[in-house]
Structure formats: C-alpha cells, structure tokens
C-alpha cells in the first residue's frame with residue numbers, strides 16, 4: 001500500500017495534517033494512505049531510509065521547525081527540515097518532498113528550495129488543502145511511473161553486463177541508474193541470480209503500487 005509520510009515534532013499539528021490529508025484522499029477515492037512519525041533522534045537519522053521503504057512511502061511532507069518539541073521522552077532533535085531533506089536525498093533522489101510550515105520565508109529553508117517539490121504555508125494548506133492534495137497524488141504517480149521505468153531499464157542493463165554483451169555506454173548508464181536508485185550491483189557472476197531476483201522483486205513491487213493508484217488521480 002503506497003503512503004504519504006509526515007514528519008513533525010508537534011503532535012497536534014501532525015495529527016491535524018494527517019486528518020486533513022486522509023479526508024481529501026478519501027474524497028478523491030484515492031488508495032493512498034497516510035503514516036506519520038515524530039522525528040528520529042540525531043544518531044538514528046539514517047533510519048529514515050528503512051522507514052520510507054518499509055512503509056512504501058511515495059511522498060513526504062515535513063515541518064521546517066521540527067527541532068523544538070519532545071514526545072514520550074524523545075527529542076528535541078538537533079536538525080530542521082532544510083537539513084533533513086539533504087539526508088533523505090542521499091537515498092531517494094527523486095521522491096517528492098514537501099514542507100508545510102508556518103515559517104515559509106525562513107532563509108535557510110528558502111536556500112534549499114530546489115530540494116523540495118514545494119514549500120507550503122500552513123495556513124495556505126489548511127485553507128486550500130484540496131488543490132495541494134491533488135498535487136501530492138500526481139507527484140506520487142509520477143514518482144512511481146519513473147521508478148518502474150528506470151528499474152526495468154536497470155534490470156535490462158544488468159542482464160547485458162552479466163551476459164558480457166554490454167558496451168561502454170551501457171556501463172555508464174547502468175552506473176548512473178545505480179546511483180540514482182541507490183541499488184548496489186554485485187558484479188560477481190555467482191550472485192547474478194540473486195541480484196536479478198532483487199531487481200525483479202523491486203520492479204514488481206512498484207508496478208503493484210502503480211496499479212493501485214493509476215486510476216485514482218483526478219485532474
């Protein structure tokens with residue numbers, strides 16, 4: 001099940017945002033679900049990768065000022081949204097990421113604008129949530145489509161390399177896809193079946209997600 005993931009240290013804001021999102025997604029007859037979390041501690045920041053993968057997240061929304069509050073003996077964390085986005089981009093180059101914040105004009109946040117799909121004012125979202133949720137759905141679909149295509153290409157190129165039929169351009173493209181999709185390649189022929197099975201599994205996973213939402217997008 002594909003999901004939108006929310007990261008915010010303010011529990012009330014997080015739950016309100018989740019409720020608004022779920023309401024609009026239901027109105028659009030969308031199968032996308034919503035999951036939320038308090039920010040991970042600084043020493044566990046790398047665990048966002050696992051959280052995103054395990055929850056099948058196709059779109060992220062987080063707050064800029066996520067370093068203020070504590071919850072159940074956790075926090076406050078030592079980073080903000082404009083810093084977290086750089087960590088997420090290490091593993092997920094193209095996943096759509098939005099900020100919904102009361103500090104839209106923060107200089108540090110605006111300096112990272114290119115890392116986000118959009119920076120949205122909290123009041124703007126509350127008053128015009130429907131149009132933003134449409135954007136989230138479209139961005140999720142685009143992310144799925146692109147990943148299905150690129151993982152299929154990655155699988156094809158990997159098979160060429162394993163068979164010895166690849167040329168220099170194939171290798172260059174393969175390395176670029178490997179970096180973008182964060183998929184490690186074991187060049188040992190003894191592992192060929194294992195890593196081809198992994199690629200096939202990822203492709204099937206994304207295709208299943210795609211089928212679930214491809215007819216749910218409404219213009």
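The values are calculated or read from the model by the stated rules, or taken from the named source; none is laboratory data. Here the structure is a predicted model, which means the values were calculated and not measured. Neighbour counts run over all protein chains shown; Cβ positions are idealised from the backbone, glycine included.
For region 80-189, the helices (runs of 4 or more DSSP H) that sit wholly inside it and include 3 or more residues that are in contact (Cβ under 8 Å) with a residue 40 or more places away in the chain and in contact with a strand residue (DSSP E or B) (Cβ under 6 Å, 6 or more places away or on another chain) are 122-163. With respect to the stated conditions, residue 40 is in a loop (DSSP other than H, G, I, E, B), in contact with a helix residue (DSSP H, G or I) (Cβ under 7 Å, 6 or more places away or on another chain) and free of Cβ contacts under 8 Å to residues at least 60 places away in the same chain.
Return yes or no: is residue 154 under 22 Å from the mean Cα position of the chain (by Cα), surrounded by fewer than 12 Cβ atoms within 10 Å (Cβ to Cβ), over 19 Å from residue 31 (Cα atoms) and at pLDDT below 90? No: the conditions fail for residue 154. Applying the set (1) in contact with a helix residue (DSSP H, G or I) (Cβ under 7 Å, 6 or more places away or on another chain); (2) surrounded by 13 or more Cβ atoms within 10 Å (Cβ to Cβ) to residue 108 leaves exactly one unmet item: (2). Scan region 28-39 for residues that are at pLDDT 95 or above and over 15 Å from the mean Cα position of the chain (by Cα) and the total you get is 2. In the set (1) in contact (Cβ under 8 Å) with a residue 40 or more places away in the chain; (2) surrounded by 14 or more Cβ atoms within 10 Å (Cβ to Cβ); (3) under 27 Å from residue 150 (Cα atoms); (4) in contact with a helix residue (DSSP H, G or I) (Cβ under 8 Å, 6 or more places away or on another chain), residue 20 fails one condition alone, (3).
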